[in-house]
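S.K.: One structure follows; several queries about it will come next.
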Amino acid sequence: MKTEHDCGLLCRMGAPCLRIINAVGDMALFMLTGLVQIFASGKIFVRTLQQLYVIGYKSLFVIVLIGLFCGMVLGLQGYYTLVQFGSVGLLGSAVSLTLIRELGPVLTAIMLTGRAGSSMAAEIGVMRITDQIDALDVMDINSMGYLVSPRIMASLISFPLLTAIFDVVGIIGGYLTGVLMLGINEGAYFYRIASSVTMTDVNGGFIKALVFALLVTTVCCYQGYTTHTRRDSVGPEAVGNATTSAVVISCVLILAADYVLTSFLL
């Protein structure tokens, strides 16, 4: 027979699980509402262009920089690993497939989370605590269609494009290290890339980029949009905590989704 102590223990253990399930359900509904408003909201094209500039263009420099150094490191590490087996000619395959299948989509999404996702959460959070979102609703302007849907649409466009740029720059970085610095044959490097990379690999990377775009934008916008409901803080402190939560949760979901998607795409 269960005692009162056992019931209290079960309640304390179950409450966090129920809160997590409730938050996941809320975010799923939030994402669906944002997607629906893409087609229902008026004048979304102009706001999407504005967000493309903020999310995509303003992130270009950091993506190019990280992609270049990532490719150079892959070239260096790959060379000293493959040289032990007498297979340095495979460096082009190793660098390109690693970037296109895994590191390109994942690192691009993580960098965009830190640069653009945190901005989304903070901006919408400030609008929430200063009652600007309530003002939009009072003026009969759909706040989801005005704030969230353009960001989702811009992310769905920006993430794959920036992932492609990351991959190309990373391959160039591998070329700089492997061919120019370590003396691998240039023709062998590019031949291995052309012979090993298939459209299946490229499409898989783009699918990951689209999924990451949806996850990052949903989580970051949701954290900002629901700042006023946080249990741990209020006011400006809540905005800071919401921004931190948005970045941490997004990065964890990116890595978890990458594992799931890789399991299906391989």
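The values are calculated or read from the model by the stated rules, or taken from the named source; none is laboratory data. What you see is a predicted model; the values in this text were computed from it and never measured. Glycine gets a Cβ as well: all are built from the backbone with ideal geometry, and neighbour counts include every protein chain shown.
S.K.: Of everything in region 241-266, what is free of Cβ contacts under 8 Å to residues at least 12 places away in the same chain and more than 15 Å from ARG115 (Cα to Cα)? Give them in sequence order.
M.R.: Result: ASN241, VAL252, ALA256, TYR259, VAL260, SER263, PHE264, LEU266.
S.K.: When you go through (1) within 30 Å of SER87 (Cα to Cα); (2) crowded, with 17+ Cβ neighbours inside 10 Å; (3) not β-branched (Val, Ile, Thr) one by one for LEU176, which number turns out not to apply?
M.R.: Condition (2) is where LEU176 drops out.
S.K.: So which residues in region 39-66 are of a type outside the set (A, V, I, L, M) and assigned to a helix (DSSP H, G or I)? Break it down into steps so the answer makes sense when it comes.
M.R.: Residues of region 39-66 that are of a type outside the set (A, V, I, L, M), as a first pass: 39, 41-43, 45, 47-48, 50-51, 53, 56-59, 61.
Matches in region 39-66: PHE39, PHE45, ARG47, THR48, GLN50, GLN51, TYR53, GLY56, TYR57, LYS58, SER59, PHE61.
S.K.: Okay, next question. Is it the case that region 111-119 has a residue that's farther than 30 Å from ALA188 by Cα, part of a helix (DSSP H, G or I) and over 17 Å from the mean Cα position of the chain (by Cα)? Quick ask: steps written out before the conclusion?
M.R.: Of region 111-119, the ones farther than 30 Å from ALA188 by Cα are 111-119.
Retained after the next criterion (residues that are part of a helix (DSSP H, G or I)): 111-119.
Now narrow it down to the ones that are over 17 Å from the mean Cα position of the chain (by Cα): none.
No: zero hits.
S.K.: Could you figure out which of (1) over 22 Å from TYR222 (Cα atoms); (2) crowded, with 17+ Cβ neighbours inside 10 Å; (3) in contact (Cβ under 8 Å) with a residue 40 or more places away in the chain isn't true of LEU82?
M.R.: All conditions pass for LEU82, except number (3).
S.K.: Among the residues of region 107-142, what is the count of those that are in contact (Cβ under 8 Å) with a residue 12 or more places away in the chain, over 13 Å from HIS228 (Cβ atoms) and not acidic (Asp, Glu)?
M.R.: Residues of region 107-142 in contact (Cβ under 8 Å) with a residue 12 or more places away in the chain: 107-129, 133, 142.
Imposing the further condition that a residue be over 13 Å from HIS228 (Cβ atoms) reduces the set to 107-123, 142.
When the remaining residues are screened for being not acidic (Asp, Glu), the result is 107-122, 142.
Counting residues in region 107-142 that are in contact (Cβ under 8 Å) with a residue 12 or more places away in the chain, over 13 Å from HIS228 (Cβ atoms) and not acidic (Asp, Glu) gives 17.
S.K.: Same structure again: Would you confirm, using the coordinates I've provided, whether MET120 is surrounded by 23 or more Cβ atoms within 10 Å (Cβ to Cβ) and not aromatic (Phe, Trp, Tyr)?
M.R.: Details: surrounded by 23 or more Cβ atoms within 10 Å (Cβ to Cβ): yes; not aromatic (Phe, Trp, Tyr): yes.
Yes.
S.K.: Within region 67-82, is there a residue that is closer than 18 Å to ILE207 by Cα and either among the small types (Gly, Ala, Ser) or outside any helix (DSSP H, G or I) (or both)? If you could, list the steps in order and put the result at the bottom.
M.R.: Step one: list which residues in region 67-82 are closer than 18 Å to ILE207 by Cα, which gives none.
No, because not a single residue in region 67-82 is closer than 18 Å to ILE207 by Cα and either among the small types (Gly, Ala, Ser) or outside any helix (DSSP H, G or I) (or both).
S.K.: Right, here's the next one. Just the residues that are touching a Lys or Arg at 6+ places or on another chain (Cβ under 9 Å) and either modelled with pLDDT of 85 or more or exposed (fewer than 10 other Cβ atoms within 10 Å of the Cβ) (or both), please, taken from region 1-46.
M.R.: GLY34 - this is the single residue of region 1-46 that is touching a Lys or Arg at 6+ places or on another chain (Cβ under 9 Å) and either modelled with pLDDT of 85 or more or exposed (fewer than 10 other Cβ atoms within 10 Å of the Cβ) (or both).
S.K.: If GLY183 meets every condition in (1) at negative phi; (2) out of contact with any Cys (no Cβ under 6 Å at 6 or more places or on another chain) apart from one, which number is that one?
M.R.: Condition (1) is where GLY183 drops out.
S.K.: May I pose another question? I'd like to verify a number: residues in region 147-193 that are within 19 Å of ALA94 (Cβ to Cβ) and either touching a strand residue (DSSP E or B) at 6+ places or on another chain (Cβ under 6 Å) or among the basic types (Lys, Arg) (or both), how many?
M.R.: Adding up the residues that qualify gives 1.
S.K.: Just checking, how many residues over region 182-215 are free of Cβ contacts under 8 Å to residues at least 12 places away in the same chain and not β-branched (Val, Ile, Thr)?
M.R.: Qualifying residue count for the region: 6.
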